[in-house]
Amino acid sequence: VKYLLLICGDESAAVHANDGCEGWSEEMTSRGVLEGGAGLAPPSDATAVRVRDHQVLLTDGPFAETKEQVGGFCMIDCEDLDEAIEIASKHPAARYGTIEIRPLLLGPPPDLS
Amino acid sequence: VIEEAVAAAFRDEWGQVVATLIRVTGDWDLAEECAQDAFATALERWPRDGIPDRPGAWLTTTARHRAIDRLRREAVGATKLKEVAAMTYEPGPADDSGVPDDDAVPDDRLRLMFTCCHPALAPEARVALTLRTLAGLTTAEIASAFLVSEQTMARRLGRAKQKIRNAAIPYRVPPAHLLPERTPAVLAVLYLLFNEGYSASAGADLVRRNLSAEAIRLARVLATLMPDEPEAFGLLALMLLHEARSDGRLTTSGELVPLEEQDRSRWDRVRIAEAEALLEGALRRREPGPYQIQAAIAACHAVAERAGDTDWAQIAGLYDQLYRIAPTPVVALNRAVAIGMAEGPEAGLLLVEDLAASGALADYHLLAATRADLLRRAGRHSEAVTAYREALGQAGTDGERSFLERRIREISA
């Protein structure tokens, strides 16, 4: 099952922006569950895009002003939600921020018959 | 008679049938529908063919055939169909009914309990899902027990099942290293269920009262399936002890009767004895937990022949122990009451005033009532009346209100 881990934190999480993952990426890569991911520049560098009535509308900043913002993401592929929870809880950001686990919406599995 | 047999089978076997069908089909809705069909078929056939020797196995087999029919009609992949058709039975003990022995797969219900109570589901969804899939209550019954519309409850159940599917919540008993964090979630759902029923007013709402019986039934199943988990036995004992005293708890008009004024001859001695035996067995393992300790406290009350015989010093000691494991303000308040009873109301009052000052119990409706009771015992009547009036404003049920009003009348007289 594939999940997106959204790594979220409030402003105070910014000090961790360049912390790295304390070996988390290496461990998860060697386990074969990590498919990719990246840290993100701060929300102040974001641009929100909407198209309404064929008009491209731009706004400075993230799409929603909330206390917690996405600061990074990882794609994982693992057995089930319990394993995803275990993987997410080992990420160093889980200790100061929040990690949201979102299953990917995939089409119905191919019928192998 | 047949209707009774089917009703009994429904009570005893529904959870097992659904749990097994979920395991083999992986489809919660299909499992429920096929279980429902199997019970409908039983109502048709049992009068004609007689009640099968092993109703559970008969029902599971019938439900499985329904599932195969349904999947065939919906033209699902042959792989899935083969899986369900081949649904393996562990060879069970020989029996001459010729029906495969489903009881040999004993942990399907346990799997279902852990999945329904998975901490990734919202607490109210865990409770609803447990009642629907394990206890077999209808969506309408669950909705009325929790005072929401049937539509709201149907949505809640639908969302939970969708999350189990889409987020891939595993259908299993968690591995040993996860049990210490997952088992309390299961126990908590059952206890919450019990309390929902227990706190419902006397005759007012039968569906809600029925929740206690369902909770006890499920706690029995859990204890049987987790023989090495003393907290499961602690929880069952705790429920039985509360239930044993439920008859004396309210007057015929629904007014709350405090413990010390209850007619103890109305307590159910058989249940109390059963609970004591369960609790003793659990405590012997020397792994105390919050449910065992609460059951031990309830047992102290249950075995006292008269209110005056209650061993309050021991109860206070048990609350000390409980507070070390579960340092919540409500436990602290109960501890204060026990100390007030063991050492005198002023000692209890000191602790209650501290708790009140900390603000931790600002929203708890029993804080004022507890303070009022200790003030009354201390003979500080005018302060007690003020506290009772405050409690009256926060009381949740009519039974509580009429009890508080009686107290005000008594000490004002």
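The values are calculated or read from the model by the stated rules, or taken from the named source; none is laboratory data. Because the structure is predicted, anything quoted here is derived from the model rather than measured. We place every Cβ from the backbone using ideal geometry, glycine too, and count neighbours over all the protein chains shown.
Taking the options A:Asp82, A:Asp53, name whichever one is farther than 27 Å from A:His16 by Cα and either of a type outside the set (Phe, Trp, Tyr) or within 14 Å of chain B (Cβ to nearest Cβ) (or both).
Details: A:Asp82 fails: farther than 27 Å from A:His16 by Cα.
None of the other options fit; the residue is A:Asp53.
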3 or more residues without any contact (Cβ under 8 Å) to a residue 60 or more places away in the chain and exposed (fewer than 14 other Cβ atoms within 10 Å of the Cβ): qualifying strands (runs of 3 or more DSSP E) within the range A:45-90: A:47-52, A:55-60
Some residue of the range A:68-77 being within 14 Å of chain B (Cβ to nearest Cβ), of a type outside the set (A, V, I, L, M, F, W, C) and under 30 Å from B:Pro170 (Cβ atoms): yes
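Return yes when A:Glu26 is out of contact with any helix residue (DSSP H, G or I) (no Cβ under 7 Å at 6 or more places or on another chain), among the acidic types (Asp, Glu), under 30 Å from B:Pro170 (Cβ atoms) and modelled with pLDDT of 95 or more and no when it is not. Walk me through it before giving the result.
Working: out of contact with any helix residue (DSSP H, G or I) (no Cβ under 7 Å at 6 or more places or on another chain): yes; among the acidic types (Asp, Glu): yes; under 30 Å from B:Pro170 (Cβ atoms): yes; modelled with pLDDT of 95 or more: no.
Against the criterion (out of contact with any helix residue (DSSP H, G or I) (no Cβ under 7 Å at 6 or more places or on another chain), among the acidic types (Asp, Glu), under 30 Å from B:Pro170 (Cβ atoms) and modelled with pLDDT of 95 or more), A:Glu26 does not qualify.
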Looking only at the range A:91-108, and only at residues there that are outside any strand (DSSP E or B), within 14 Å of another protein chain (Cβ to nearest Cβ) and among the hydrophobic types (A, V, I, L, M, F, W, C), the one that is farthest from A:Glu11 (Cα to Cα): A:Leu106
Subset of the range B:182-200 [at pLDDT below 90 and either within 14 Å of chain A (Cβ to nearest Cβ) or surrounded by fewer than 16 Cβ atoms within 10 Å (Cβ to Cβ) (or both)]: B:Asn195, B:Ser199
Every residue from the range B:1-44 that is without any contact (Cβ under 8 Å) to a residue 12 or more places away in the chain and of a type in the set (S, T, N, Q): B:Gln36
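Given the structure, is A:Val33 within 14 Å of chain B (Cβ to nearest Cβ) and among the aliphatic types (A, V, I, L, M)? Working first, answer last.
Working: within 14 Å of chain B (Cβ to nearest Cβ): yes; among the aliphatic types (A, V, I, L, M): yes.
When the stated conditions are applied, A:Val33 passes them.
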Selection within the range B:364-383 - within 15 Å of B:Ala332 (Cα to Cα) and not in a helix (DSSP H, G or I): B:Tyr364, B:His365
Where B:Glu346 falls short, out of the listed (1) in contact with a helix residue (DSSP H, G or I) (Cβ under 7 Å, 6 or more places away or on another chain); (2) farther than 29 Å from B:Asp263 by Cβ: (1)
Hits in the range B:371-400 - residues which are surrounded by 14 or more Cβ atoms within 10 Å (Cβ to Cβ) and within 26 Å of the chain's Cα centre (by Cα): B:Gln394, B:Ala395, B:Thr397, B:Asp398, B:Gly399, B:Glu400
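So, in the range B:163-176, exactly how many residues are within 11 Å of chain A (Cβ to nearest Cβ) and either free of Cβ contacts under 8 Å to residues at least 40 places away in the same chain or aromatic (Phe, Trp, Tyr) (or both)?
In the first step, residues of the range B:163-176 are kept if they are within 11 Å of chain A (Cβ to nearest Cβ); the result is B:163-172, B:174-175.
This time we only want the ones that are either free of Cβ contacts under 8 Å to residues at least 40 places away in the same chain or aromatic (Phe, Trp, Tyr) (or both), so: B:166, B:168, B:171, B:175.
Residues meeting the conditions: 4.
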